[in-house]
């Protein structure tokens, strides 16, 4: 099945699936760090919490919750499928964001802060995995990276900047309901238009379902590309495993992969990570490394702020941040794999 998927060229179907998943990725993280948008304008004037309590909420949202969600939903995606995990992630992001407009109890806000980012964590664990599995090596980077550019623009410019600028504080509840509605709408569209990953189905020995999905994909592509090349079966041997173990990413063979992935996760370089894991644990491994990387990025920013404030002269902080930004390149050069035009099955061996 993987060989038949990988021979498919760039097509409208590939763009459609990538853009749908990336729009979901853009909507889900709009709930990430919602405390930072509400505290200065809503909670602080009303004396709902102290600055320390706010810091705890923000840490739970942007650090701990993503680590937990990435690991759990990543494991779940390897058990129940990529498609269901993506839909679940959008639902979680939509269900837990709107109560922030009405809840003022601090213990309840703590629970919401842990829950509202689970959807974003799920997308970190699954979205690039799914797109990597439904596209061949000649298509993968081209489509995924361009789709992510659109998603980042939608998130950073529209959902996290322009709309909050005009709606907070006067219409902040409307903003929260908008985010909830967008995420639920994405879940509905995903359930309608996005198929399950044939690679995942094949690895789970559900080959009849995988074959049916691949045939539908081929039928869509051949409308504009009637002459498809014959599938090359040589580099597509996958290992089947019915159960995904919780601690699989910590096994001896994946320590170096986890180290590289965690480093890349701190700098949001997600596309490289999924190819280093086999299909049976690809989402779990990606979710774990992204979660730890995200936690490290959050902690690094806070630590840098403390160091920057205390440093004299302050200019020396640049000597720390520049090597830190170059660290992912060094890690990939030393421990990483060359992924260009290589199938996922080749990379995971």
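The values are calculated or read from the model by the stated rules, or taken from the named source; none is laboratory data. Just so it is clear, the model here is predicted, and its values are computed rather than measured. Here the Cβ positions follow ideal geometry from the backbone for every residue, glycine too, while neighbour counts run over all protein chains shown.
Values as computed for the structure displayed
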item	result
Residue pairs meeting the criteria (Cβ under 6 Å; at least 6 apart or on separate chains; first over 19 Å from residue 191 (Cα atoms), in the range 67-84; second outside any helix (DSSP H, G or I))	none
Residues being closer than 21 Å to residue 153 by Cβ and not in a helix (DSSP H, G or I) - total across the range 163-218	1
Residues satisfying the stated conditions in the range 85-112, i.e. assigned to a helix (DSSP H, G or I), in contact (Cβ under 8 Å) with a residue 40 or more places away in the chain and over 17 Å from residue 183 (Cβ atoms)	106, 109, 110
Qualifying position, being at pLDDT 80 or above and within 24 Å of the chain's Cα centre (by Cα), among 195, 278	195
Residue under evaluation residue 142, criteria (1) modelled with pLDDT of 90 or more; (2) over 15 Å from the mean Cα position of the chain (by Cα); (3) in a helix (DSSP H, G or I), criterion not met	(1)
Number of the condition not met by residue 58 [criteria: (1) in contact with a helix residue (DSSP H, G or I) (Cβ under 6 Å, 6 or more places away or on another chain); (2) within 30 Å of residue 133 (Cα to Cα); (3) part of a helix (DSSP H, G or I)]	(2)
Verdict on residue 199 being out of contact with any helix residue (DSSP H, G or I) (no Cβ under 6 Å at 6 or more places or on another chain) and crowded, with 16+ Cβ neighbours inside 10 Å	no
Set 104, 117: member being out of contact with any strand residue (DSSP E or B) (no Cβ under 6 Å at 6 or more places or on another chain) and buried (at least 24 other Cβ atoms within 10 Å of the Cβ)	117
Residue in the range 62-70 that is closer than 16 Å to residue 129 by Cα and surrounded by fewer than 23 Cβ atoms within 10 Å (Cβ to Cβ) present	no
